[in-house]
Structure formats: C-alpha cells, structure tokens
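**Student:** Attaching a single structure in structure tokens format; questions to follow.
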Amino acid sequence: MVEIQGISASPGIIWGKAFVYIEDALKIPQYDIGPAWVVNELKRLQEAIDKAVAEVKSLLEESRTKGFSQSTEILDSHLMMLCDPQFLGEVEERLRAELQNVDWIAYQVFRTYAERLAAMDDPVFRERATDIRDVGHRVLGHLVHRHKASLTDISGRVILVGRDLMPSEAVALNPAMVCGLAMEAGGRTSHTAILARSMEIPAVLGLKDLTKLVQSGDEVLVDGNQGVVIVNPDEATLRRYEKSRRLWVRREEDLHRFAALPAETADGKLVSVFGNIEVPEEVAALKLYGAEGIGLYRSEFLFLQPGRLPSEEVQVKAYAQVLEAMEGRDVTIRTLDLGGDKMIPDLSDTSEKNPLLGWRAIRFCLSERQIFKTQLRALYRASVHGRLKIMFPLITTIEEYYAALDICGEVKDELREGRIAFDGDVSVGCMIEIPAAAAASDILAKDAGFFSIGTNDLIQYALGVDRGNQRVAYLYDSFHPAVLRFVRNTIVNAHAAGIRVCMCGEMAGDPLATILLLGLGLDEFSMNGSSIPEVKKIIRSVSVPEAVGFADEVMRMASGRDICAFLKRHMEERF
Ligand code: PEP
Ligand code: MG
C-alpha cells in the first residue's frame with residue numbers, strides 16, 4: 001500500500017481498478033533496406049492500413065448507432081484517406097527511390113501532407129492536417145506494433161491514472177466509465193480540475209511519480225476531499241474510507257436543502273449565485289444545484305472537439321440550447337478562449353515558448369477575425385432564445401475591448417441587413433483576469449457593460465505562477481494580499497461607473513472566500529454546480545455590515561497564509 005499526497009481537485013471519495021493512460025509520441029525506426037525488401041515492406045504497410053480500416057469502421061458503426069453525426073463525418077473522411085491510392089503510390093515511389101524502411105517513409109509522407117495543409121491560409125484546410133496526423137498515427141501505430149492504451153479502450157468503471165490530460169481529452173471523458181481521476185500534472189484551477197468538478201468525478205492532481213507507482217489493474221483509492229491517492233489500499237484502510245465516504249455523502253445531501261433557497265443575506269440583500277459550464281449538457285445538473293443563471297459558459301469547449309471548427313449553425317444550436325434551458329435567466333457566454341493550455345494543433349501556435357503569455361483568447365480572436373465573427377454571428381442569432389450576455393476573455397487594453405465591440409457592431413449590421421432577428425440589448429462585458437486590466441479597471445469600466453473577474457488567470461498572472469504546474473502550486477494563492485487588492489479595486493471601479501461585477505474564477509465557489517467577497521461588494525458569484533448550495537448557505541448566514549467589517553479586517557492583514565488560517569478559523573466557529 002502506497003499513499004501519495006497531491007492537490008485536491010474535485011471532491012468525493014472513490015476506489016476501483018486503475019486504467020493507466022500515458023500519451024507518448026510514437027518512436028519511428030529508420031534503417032536502410034535492400035531492393036528485394038520493397039515488396040515485403042509494401043505488404044507490411046497494407047496490413048497496417050487494413051487494421052486501421054477495420055478499427056475506423058468499427059468506430060464508425062458505434063458512432064452511427066449513437067447518432068453522433070459530427071464524429072461520423074470525421075470517421076468517414078478518415079476512411080477515405082486510408083483508402084486513398086495516391087498515398088500508397090507516393091509511399092511506393094519513395095520506398096523504391098530511398099530504400100529505407102516503410103515505417104519511416106510512410107511517416108515522412110504523412111508528415112509532408114499534414115505540413116502542407118497546416119500551412120494553408122484557409123482554416124478549414126488547416127484543420128484537415130489534424131485528421132491526417134490522426135490517420136497517420138493509427139497506421140504507424142500498427143506498423144511499429146505499438147499498443148497504446150487509449151481512452152476509448154476503457155470498458156467498465158475505472159480510476160483514470162496518467163501524467164496529464166489535454167482539455168480535449170478531458171472533455172471527452174465519460175463519467176459513467178471514469179469514476180475517479182489521478183494525474184501527475186495539474187493544479188486546482190487547471191482545466192482538468194475544472195472539468196472533473198463539473199462532471200462530478202473525484203480527482204486528485206499534482207501527484208508526483210504516480211505513473212511509476214501504478215499499473216493498470218491496481219486498486220486505487222482517490223480521496224478528492226483531502227487530495228490523497230492510495231495505491232492498493234488494505235482492508236482496514238478501505239473500511240476507514242467507507243466511513244468517511246458515507247459521512248461526506250450525508251453532508252452533501254444536507255447541503256442540498258439550500259439549493260432551492262435564494263442567496264439572500266441575513267439582512268435581506270439578494271446576491272446572484274450562478275453556475276459555470278463547459279458543455280450545454282451540464283445545464284440540467286446546474287439547475288438542480290440551484291443556479292440562478294450562468295455566469296460563465298466556456299464556449300471554447302465546442303472548438304476543442306477533434307475534427308473541424310464548429311460551423312455557425314452548430315454554434316447557434318449549442319448557445320440556443322443553453323439559453324432556452326435557462327428560461328430567461330442570465331446566460332453569460334464567453335467568446336473563444338483558445339491558446340494557453342487550450343491548444344488546437346492546427347489553429348494554435350504550438351511553437352510558442354510561453355503560450356500562457358502568448359497568442360490566446362481575445363488576442364487570437366482579433367487576429368483570426370473570421371472565426372471570431374462567425375462566433376459572434378452565432379451568439380447574436382441565438383440571443384433571441386433567452387437573456388444573453390457576451391464577455392471577452394483576457395482583455396489587456398482598452399483598444400482590444402473597442403476592437404471586439406466594433407466586430408460586434410459589424411455583425412449586428414450584417415444581421416440587420418439580412419433581416420435576421422437578434423436581441424439588440426445584449427450586454428457586452430470584459431473579463432478581468434490580467435493584472436493590468438484590474439489595475440486600470442476604472443478605464444475599462446466606463447465602456448464595459450459588466451465585469452467578470454477570472455481569478456484563475458488573475459492569480460496566475462499577478463503572482464507569476466503557472467496555474468497547472470504542481471511544483472509551484474504552493475505559491476498559487478487566492479488570498480495573497482495583491483490578489484485581494486486587484487479584486488477590491490475592480491469592484492470599487494465597477495461600482496463607481498455603475499456596472500455590476502461577477503466573479504467566475506474558482507475563488508467564487510470557495511466557501512472560505514464567500515463572506516470576504518460579499519464584504520468587498522461582489523454582485524454575482526459564478527461557480528461549479530456542486531459548490532452552489534454551500535455558498536448560498538454561507539451568504540444566508542451573514543449580514544452585509546458584518547461581511548463588510550470582516551472584509552476590512554482581512555484587507556488589513558499582510559500574508560496570504562495568515563488570511564487563509566483566519567478564514568478557516570472563522571468558518572469553523574461559524575458552522
Ligand atoms: C479564469 O481565468 O478565472 C476563468 C474563469 O477562465 P478559465 O478558467 O477558463 O481560464
Ligand atoms: Mg481565464
């Protein structure tokens with residue numbers, strides 16, 4: 001039995017058989033062959049292609065049965081590529097000319113195709129490079145006889161163990177199969193953590209050397225409440241954890257009473273408590289948790305699906321689905337926040353040295369204007385289905401905000417010309433997640449419809465700490481006085497300009513922060529569904545003057561660690 005301490009990323013206690021998933025690059029051998037080997041090499045390639053075709057056909061059948069039209073379309077195109085005689089012809093030609101093993105030649109041909117497509121101006125063609133790489137990976141995997149565990153190999157309920165998950169992999173997890181998550185990388189506000197919480201999968205991240213200690217089939221216990229993972233727990237440990245699990249479930253059931261109650265302070269001030277979502281399917285669960293609106297819909301998850309960009313129609317459908325499901329309550333949709341740790345291989349610049357300081361979010365959208373315009377058209381078209389608010393991520397300068405607003409104006413003009421209906425009163429706001437935006441929030445507040453504080457990034461940039469790096473996770477601190485001053489400054493400036501402030505970063509759902517944020521004057525809290533009942537309970541327990549006095553006291557303190565200890569003590573005394 002081995003116990004490893006990591007970072008608590010999503011609550012809950014669960015144990016089961018491990019499925020170890022390690023995405024590693026294929027190692028393609030390179031060696032010379034004699035002319036007599038060419039026929040044999042071609043036969044090897046054909047066998048690998050046949051195996052790949054059989055796999056794609058079976059995936060295709062599954063996808064048709066489930067009615068997944070987008071993946072059916074993608075798999076169809078993969079099948080066409082696999083059966084393309086031009087590819088075989090090119091490999092044969094180079095094989096005879098270069099006399100090197102077929103694995104190497106096929107790898108080079110796939111690479112050339114992908115690079116040619118990736119260099120095209122048209123984003124639709126550029127995306128095809130992903131498909132080529134995908135198909136190439138499949139064929140080459142068979143050629144080099146590598147059997148890599150794939151997320152689609154999961155059958156039965158497992159604890160997923162690995163180094164890290166790409167957001168596009170995390171979003172494809174099936175909570176009916178993956179009942180727990182234990183990863184070497186990641187912090188509390190990494191996207192894997194956020195997704196695990198929204199899917200209600202207990203998760204522990206930042207577990208050093210985990211994949212050296214666990215093999216598929218080992219029994220693994222994930223305690224997402226304490227951030228602990230136990231490999232091959234003994235009987236006594238399991239009995240102990242069964243008791244803690246039951247207590248935790250009872251506590252959750254108890255809290256659920258608060259879901260349907262308004263977030264009203266003891267002296268009658270109504271505060272808004274909203275939910276965050278990544279995919280439209282999460283709305284139903286959010287409503288059960290008592291979300292009074294949606295403060296953050298991370299629209300980029302629509303774009304992170306493998307394959308091609310979502311069309312305007314696909315986007316309208318997704319946005320309208322969320323707006324309709326929320327029945328007239330506020331729905332804030334954030335425009336595309338790609339880049340940073342959310343890369344799409346053929347759209348993002350994967351060669352960036354510092355992606356988190358690079359071409360991401362609004363910066364990406366303002367240069368990939370057509371993609372941005374298509375999204376804005378879809379948003380405005382969907383706006384007739386409910387109460388839409390639009391916000392732009394990672395605003396650093398006022399010019400960026402004006403440029404984005406100009407494109408909204410263009411889109412609205414075009415819709416008017418085309419006699420396409422939209423809501424003319426959609427409020428447009430800025431996310432405050434760059435220290436510069438928080439410091440200069442008085443300037444932004446003059447023209448912004450509202451603010452939404454993205455503390456996950458704000459803390460990362462204010463403290464210079466990568467939010468997904470477990471080695472520096474000890475420095476990532478929501479209660480650092482600098483972070484609290486940025487939050488206070490943003491709220492004060494927003495209120496001076498008469499606009500409301502939401503917080504949609506993870507801090508908004510941290511029960512330790514609730515009274516402090518209330519005292520600083522935050523108008524809207526937006527969080528993962530499961531945090532809503534507890535935050536409502538805390539809001540209902542306190543009056544505004546008490547919260548203001550409390551916040552004043554906290555703002556006089558000098559260290560994040562002292563503030564956190566003070567908040568913990570206070571919560572223990574209060575409840
Ligand atoms: C944030 O940065 O706080 C935020 C809400 O955005 P994301 O977590 O998607 O970067
Ligand atoms: Mg952010």
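Derivation of every value follows stated rules applied to the coordinates shown; laboratory data play no part. Quantities reported herein were computed from a predicted structural model and do not represent experimental measurements. For neighbour counting, all protein chains shown are included, and Cβ atoms are generated from backbone atoms with ideal geometry for every residue, glycine included.
**Student:** Order the peptides 181-190, 549-558 from the highest to the lowest mean number of other Cβ atoms within 10 Å of their residues.
**Tutor:** Put in order of decreasing packing, that is 181-190, 549-558.
**Student:** Continuing with the same structure: Separation of segment 477-556 and segment 194-258 by C-alpha centroid, Å?
**Tutor:** Answer, in whole Å: 29.
**Student:** Which entries in Lys27/Lys51; Lys17/Lys568; Lys353/Lys373 show an alpha-carbon gap greater than 26 Å?
**Tutor:** Result: Lys17/Lys568; Lys353/Lys373 exceed 26 Å.
**Student:** Now for a separate question. Apply the Karplus parameterisation 6.51 cos²θ - 1.76 cosθ + 1.60, with θ equal to phi minus 60°, to every residue of segment 258-268 and state each ³J(HN,Hα) to the nearest whole Hz, in sequence, with x for glycine and proline.
**Tutor:** Once θ is set to phi - 60°, the couplings for segment 258-268 become 7, 4, 7, 7, x, 7, 10, 5, 4, 9, x Hz.
**Student:** Work the Kirkwood hydrodynamic radius out for segment 1-55: mean of 1/r over every pair of different alpha-carbon atoms, inverted, in Å.
**Tutor:** For segment 1-55, the Kirkwood estimate is 17.0 Å.
**Student:** Counting only residues 5 or more places away or on other chains, whose amide H sits under 5 Å from the amide H of Arg334 once H atoms are built in the peptide plane?
**Tutor:** Tyr297, Ser299, Met391
**Student:** Another question, if that's okay. Rank by packing, highest mean first: peptides 196-203, 89-96, with packing defined as the count of other Cβ atoms within 10 Å averaged across residues.
**Tutor:** The most tightly packed comes first, giving 196-203, 89-96.
**Student:** Contact order normalised by length for the chain, with contacts defined as Cα pairs under 8 Å and 6 or more residues apart; what percent is it?
**Tutor:** Contact order relative to length: 15 percent.
**Student:** Using a 7 Å offset from the Cα along the Cα-to-Cβ direction at both Ala439 and Arg240, what is the distance between the two label points in nm, to one decimal?
**Tutor:** 4.8
**Student:** Between Val53 and Met177, what is the FRET efficiency for a Förster distance of 30 Å, r being their Cβ-Cβ separation, to the nearest 0.05? Don't skip to the answer; put the middle values down first.
**Tutor:** Working: r = 26 Å, r/R0 = 0.87.
Given R0 = 30 Å and the Cβ-Cβ separation, E is 0.70.
**Student:** Follow-up. Amide H to amide H, which residues 5 or more places from Gly6 or on other chains are under 5 Å from it, using H placed in the peptide plane?
**Tutor:** So Gly6 has HN proximity to Val228, Val229.
**Student:** Ok, one more. Which number do you get for Rg(Cα) / (2.2 N^0.38 Å) in the chain? Walk me through the numbers before you get to the answer.
**Tutor:** Numbers: Rg = 25.5 Å, N = 575, 2.2 N^0.38 = 24.6 Å.
Taking the Cα Rg and dividing by 2.2 N^0.38 Å, one obtains 1.04.
**Student:** Still on this structure, I have one more. Taking the alpha-carbon centroid of each part, what is the distance from segment 25-56 to segment 389-409 in angstrom?
**Tutor:** A separation of 51 Å, based on Cα centres.
**Student:** Something else: Along segment 383-389, what does the Karplus equation 6.51 cos²θ - 1.76 cosθ + 1.60 (θ = phi - 60°) give for ³J(HN,Hα), rounded to whole Hz, x for Gly and Pro?
**Tutor:** Ordered by residue, 3J(HN,Hα) equals 4, 6, 8, x, 10, 8, 10 Hz.
**Student:** Now a separate question. Starting at the first residue of segment 489-506, write each ³J(HN,Hα) from the Karplus equation 6.51 cos²θ - 1.76 cosθ + 1.60 with θ = phi - 60°, in whole Hz, x for Gly and Pro.
**Tutor:** Whole-Hz 3J(HN,Hα) from phi for segment 489-506: 4, 4, 5, 4, 5, 5, 5, 4, 8, x, 10, 8, 10, 10, 10, 10, x, 4.
**Student:** Counting other beta carbons within 10 Å of each Cβ, put Thr374, Thr514, Thr397, Thr332 in order, fewest first.
**Tutor:** Neighbour counts put them in this order, fewest first: Thr397, Thr374, Thr332, Thr514.
**Student:** Same structure, new question: Straight-line reach from Lys446: which aspartates and glutamates have Cα under 19 Å away, leaving out those fewer than 8 places along the same chain?
**Tutor:** Glu399, Glu400, Asp406, Asp425, Glu433, Asp523
**Student:** Compute the relative contact order of segment 255-574 as a whole-number percentage, counting only Cα pairs closer than 8 Å that sit 6 or more residues apart in sequence.
**Tutor:** Computed value for segment 255-574: 21 percent relative contact order.
**Student:** Quick one: which residues, 5 or more positions from Ser216 or on another chain, have an amide H under 5 Å from its amide H? H modelled 1.01 Å from N in the peptide plane, none for Pro or chain starts.
**Tutor:** Amide H to amide H, under 5 Å and 5 or more residues apart or across chains, Ser216 pairs with Val20.
**Student:** Would you calculate the separation in nanometres between label points at Glu61 and Ile398, each defined as 7 Å from the Cα along the Cα-to-beta-carbon direction?
**Tutor:** Between Glu61 and Ile398, the simple spin-label model gives 6.4 nm.
**Student:** Calculate the spin-label point distance for Val144 paired with Leu356, positioning each point 7 Å from the Cα along the beta-carbon direction, and give it in nanometres.
**Tutor:** Each label point lies 7 Å from its Cα, and together they span 3.0 nm.
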